[in-house]
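A.B. asks: Following this message is one structure expressed as structure tokens.
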Amino acid sequence: MGDRTLSGKAFINTLFELSSLVLQADNVSEVIPTLIDLSRKLVIFDNFVIYLEENGEMRPSYARAVGRGRSKEADVAWGENFIERILEDDRLIVHQDLIKGPEDDRLKTPFYIGIPLRHGKNCVGALVMIRFGGPEYSDRDRQSFQFIADHIAQLLERDVLVRTIDKIEGNQRMWKMQENFVATVSHDLRTPLGFIKGYTTTLLREDTDWDVPTFREFLGIIDDEADRLQELIDNLLDSSRLQSGTLQMNLQTLQLDVVLRDMIQRSQLRDIDVTIDLEIENQGVMVKADPTRLGQVFDNLINNASKYAPGSRVVVKLVKDEDNAIIEVIDDGPGIDGDHLEKIFQRFYRVPETRMSVRGSGLGLYICRQIILAHNGKISAKSENGNGAAFHITMPLLQDEEAE
Ligand code: ADP
């Protein structure tokens, strides 16, 4: 093997090029191929291997065979035995193996050069190069090799740092989210609790005799706020069960048009500030669904219409196409600005403009979406600003073979 490495200025330029490649790299795997190409201009080798520690063992993590090393016999020549010596001696080692075989088979005489890769005092791996059939490594080869190894160690060290920082940032984000969660939840729980405590304390005052209407009015408020608290706690529990995937769905074969009619009748009986019209275009719409959870979705949508579009006429439409049942819940209230249409399905998201005037927790639509997703369906919102809000749900129709 003649000396095919660079000389003079070209050599220095390659050193600079390798240095700046390492300095500017953000991803180890992406730069290794270029780094190997540049290294080969500095030291001729057939095989190039970076060993890294993995679960207490050194494993070849990046390896490239070029030149003679590409041949079959050389596939195994990654210096496995040699690596133990490097780590034991903890320094640059040069070694030549003589494997018995035909004299002229250069592949049988690998020349190894290897060095530990370290982060500070810790050895994290080793760099090994192999030349088949020599020549021996010159002083310049050793220096270049040391230079390459130092740069690889630097690259690996930075990679570890970047990954550590990512992990810390991830943890910080999680802590922040948990903190926000606790703050939101405590605030939402405190509001009804504050009313209950306030009105109860007032009623219990011994210096005042409350007349019966006032007494009943205050008890009514306490009753409402206790319901709200109950609803909030149920929503919180549902949302965390949905998030962890532990909310049980009791799927049954249902005739959606019948179920929907029942649900709407029930809603209309509750004290809601909307008129509901049910438009069923197809009868006998069969789906596999949990009736209680589906009821929760429609209660929520109708309740929202009542809160955000009071006095509105709400149309609930049911149609089907070949594969899906399609349900729409449409009101003619103030609608939802385009920027918020997707966000309203996020946990705790509330449109800033309505946040102050209408009470809520921002959990309702999140729960609706999770329930619909658990039925393999989809829910989305549409609104021409100022022209009401429309919630669109699709759910797969029960296929004949699924029917019980
Ligand atoms: P909450 O009602 O407790 O705030 P939701 O998740 O049910 O939580 O709704 C999220 C937000 O979506 C609401 O705060 C409201 O701003 C908006 N929204 C929901 N339904 C409607 C509607 N029918 N019309 C206008 N805005 C709505």
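The values are calculated or read from the model by the stated rules, or taken from the named source; none is laboratory data. The structure presented is a predicted model; accordingly, all values stated were derived computationally and were not measured. Every residue, glycine as well, gets a Cβ built from its backbone with ideal geometry; the counts of neighbours run over all protein chains shown. We work out accessible area using only protein heavy atoms, side chains counted, and drop any ligands, DNA or RNA first. Shrake-Rupley method; radii C 1.70, N 1.55, O 1.52, S 1.80 Å.
A.B. asks: Roll a 1.4 Å probe over the protein chains and send me the accessible area per residue for the chain in Å².
C.D. replies: Working: 23050 Å² over 404 residues.
Value returned for the chain: 57 Å² of accessible area per residue.
A.B. asks: Here are some pairs, 197/307; 288/382; 167/378; 176/343; which of them have Cα atoms lying more than 30 Å apart in this structure? Write down the numbers at each step before the final one.
C.D. replies: Values: 197/307 25 Å; 288/382 26 Å; 167/378 33 Å; 176/343 19 Å.
Among 197/307; 288/382; 167/378; 176/343, the Cα-Cα distance tops 30 Å for 167/378.
A.B. asks: Mean separation of Cα pairs under 8 Å and 6+ residues apart, divided by the residue count of the range 8-167: what relative contact order is that in percent? Let's see the in-between values first.
C.D. replies: Details: 231 pairs, mean separation 37.4, N = 160.
Value for the range 8-167: 23 percent.
A.B. asks: Ok, one more. Find which of 18, 340, 186 sits farthest along the positive direction of the dipole of the chain, computed with +1 on the beta-carbon of Lys and Arg, -1 on that of Asp and Glu, about the Cα centre.
C.D. replies: Projecting each Cα onto the dipole axis, the largest value belongs to 18.
A.B. asks: Sticking with this one: What number, rounded to the nearest 500 deg cm²/dmol, is the helix-based mean residue ellipticity at 222 nm of the chain, given -39500 (n - 2.57) per DSSP H run of at least four residues and division by all its residues? Let's see the in-between values first.
C.D. replies: On the way: 9 runs with 188 residues, N = 404.
Dividing the helical sum by the residues of the chain leaves -16000 deg cm²/dmol.
A.B. asks: Over the range 8-167, what percent of the accessible surface lies on carbon and sulfur atoms, probe 1.4 Å? Mind dumping the intermediate values first?
C.D. replies: Values: 4300 of 8730 Å².
Of the solvent-accessible surface of the range 8-167, carbon and sulfur hold 49 percent.
A.B. asks: I've got another one for you. With springs only between Cα atoms under 10 Å apart, run a GNM on the chain and tell me which of 137, 366, 349 wobbles the most.
C.D. replies: 137
A.B. asks: Which GluC sites (Glu not before Pro) from the range 159-248 combine a DSSP loop assignment with at most 12 other Cβ atoms within 10 Å? Mind dumping the intermediate values first?
C.D. replies: On the way: sites: 169, 179, 206, 217, 225, 231; in loops: 206.
Listed in order of number, the matching sites are 206.
A.B. asks: Right, another one. Going by alpha carbons, how many degrees (0 to 90, nearest 10) lie between the helix axis of 212-244 and the longest principal axis of the chain?
C.D. replies: The helix 212-244 is inclined about 30 degrees to the chain.
A.B. asks: Suppose every K and R has +1 on its Cβ and every D and E has -1 on its Cβ; what is the size of the dipole of the chain about the Cα centre, in Debye to the nearest 20? Let's see the in-between values first.
C.D. replies: Values: 47 positive and 66 negative charges, 330 e Å.
The dipole of the chain has a size of about 1580 debye.
A.B. asks: Quick one: angle between helix 291-308 and the longest Cα principal axis of the chain, in degrees between 0 and 90, rounded to 10, please.
C.D. replies: Tilt relative to the chain: about 70 degrees.
A.B. asks: Ignoring ligands, DNA and RNA, please state the percent of accessible area on the range 171-244 from carbon and sulfur, probe 1.4 Å.
C.D. replies: Values: 3120 of 5480 Å².
Summing carbon and sulfur atoms, their accessible area is 57 percent of the total for the range 171-244.
A.B. asks: Quick one: which residues, 5+ away or cross-chain, put their amide H under 5 Å from the amide H of residue 133? H built at 1.01 Å from N.
C.D. replies: The answer is 109, 111.
A.B. asks: A further question follows. Count neighbours as other Cβ atoms within 10 Å of each site's Cβ, and list the GluC sites (Glu not before Pro) in the range 303-391 that are DSSP loop with at most 11 such neighbours.
C.D. replies: Numbers: sites: 322, 328, 342, 353, 384; in loops: 322, 342, 384.
Sites meeting the loop and neighbour criteria: 322, 342, 384.
A.B. asks: Picking from 393, 264, 116, whose Cα lies most toward the positive end of the charge dipole for the chain (charges on Cβ: Lys, Arg +1; Asp, Glu -1)?
C.D. replies: Value: 116.
A.B. asks: Give me the dipole magnitude in Debye, nearest 20, for the range 171-244 about the Cα centre, with unit charges on the beta carbon: positive for Lys and Arg, negative for Asp and Glu. Don't skip to the answer; put the middle values down first.
C.D. replies: On the way: 8 positive and 14 negative charges, 126 e Å.
With only Lys, Arg, Asp and Glu charged at Cβ, the dipole is about 600 debye.
A.B. asks: Where Lys and Arg each count +1 and Asp and Glu each count -1, what net charge lies around residue 26 among other residues with Cβ under 10 Å from its Cβ? Intermediate values should be presented prior to the final figure.
C.D. replies: Values: positive: 158; negative: 30, 159.
Its environment carries a net charge of -1.
A.B. asks: Write out the chymotrypsin sites (Phe, Trp or Tyr not before Pro) in the range 144-244 meeting two conditions: DSSP loop, and at most 16 other Cβ atoms within 10 Å of their Cβ.
C.D. replies: Details: sites: 145, 147, 175, 181, 195, 199, 210, 215, 218; in loops: 210.
When the chymotrypsin sites (Phe, Trp or Tyr not before Pro) of the range 144-244 are filtered for loop state and at most 16 Cβ neighbours within 10 Å, 210 remain.
A.B. asks: Could I ask something else about it? Let me have the relative contact order for the range 232-389, percent, based on Cα pairs under 8 Å that are six or more residues apart.
C.D. replies: Numbers: 246 pairs, mean separation 38.0, N = 158.
RCO, the range 232-389: 24 percent.
A.B. asks: Still on this structure: Given labels modelled 7 Å from the Cα in the Cβ direction, how far is it in nm from residue 387 to residue 226?
C.D. replies: 4.7 nm
A.B. asks: At 1.4 Å probe size, with the rest of the protein present, what percent of the exposed accessible area of the range 301-404 is carbon and sulfur atoms? Before the final figure, lay out each step's value.
C.D. replies: On the way: 2370 of 5150 Å².
Heavy-atom surface of the range 301-404 belonging to carbon and sulfur, 1.4 Å probe: 46 percent.
A.B. asks: Express the relative contact order of the chain as a whole percentage, based on alpha carbon pairs under 8 Å and six or more residues apart in sequence. Could you put the intermediate results ahead of the total?
C.D. replies: Values: 586 pairs, mean separation 40.2, N = 404.
This gives 10 percent for the chain.
A.B. asks: With label points built 7 Å along Cα→Cβ from the Cα atoms of residue 9 and residue 162, find their separation and express it in nm.
C.D. replies: Label at residue 9, label at residue 162, 3.3 nm between them.
A.B. asks: Could I ask something else about it? Ordered by residue, what ³J(HN,Hα) values in Hz, to whole numbers, does the range 188-200 give under the Karplus form 6.51 cos²θ - 1.76 cosθ + 1.60, where θ = phi - 60° and Gly and Pro are x?
C.D. replies: My calculation for the range 188-200 gives 5, 6, 5, 4, x, 4, x, 4, 4, 5, x, 5, 5 Hz in order.
A.B. asks: Express in whole angstrom the spacing between the alpha-carbon centres of the range 234-310 and the range 172-233.
C.D. replies: 27 Å
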